[in-house]
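So the structure is just underneath, and the comments pick up after that.
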Amino acid sequence: MSHVRRAGGASVLAALLAAAASGALAQALRPVHYTCADGIRVTATFSPPGNALGSVKLAYAGSSSEITLPQVVSADGGRYAQGDVEFWIKGREATLTRAGASTTCTTAG
């Protein structure tokens, strides 16, 4: 980078940082598809990284309803909960709890 002029270098650096940030944002907003042991299929879209506490939007297959859960403190994994709904992820697995009934969910990727 020593051959790049200062003004041009700053604009190139700014463009690279913007591209990296938009790539991270696109990655964070990519839906993750889970299949649960009880047959429920759910799509989870997580908020972008960098928020103090994030959120997840859950959409159930075959239903037009969606729910957004705020992230809550967890000692292990990512835990999102509100009311009687909880979505707790760790690696490629998640536990979905609704109205006291829990099911284990997995994602292929």
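Please treat every number below as a calculation from the coordinates, not as lab data. This is a predicted model, so every value here is computed, not measured. For neighbour counting, all protein chains shown are included, and Cβ atoms are generated from backbone atoms with ideal geometry for every residue, glycine included.
Just a few scattered comments:
- Net charge contributed by nearby residues that have their C-beta within less than 10 Å of ARG79 (K/R +1, D/E -1): -1
- Local charge for TYR34 was computed over the other residues whose Cβ lies under 10 Å away, with Lys and Arg +1 and Asp and Glu -1, and equals +1.
- In order along the range 61-77, the Karplus-derived 3J(HN,Hα) couplings, from 6.51 cos²θ - 1.76 cosθ + 1.60 at θ = phi - 60°, round to 4, x, 9, 8, 7, 10, 9, 10, 10, x, 6, 10, 4, 9, 6, 8, x Hz, and Gly and Pro are given as x.
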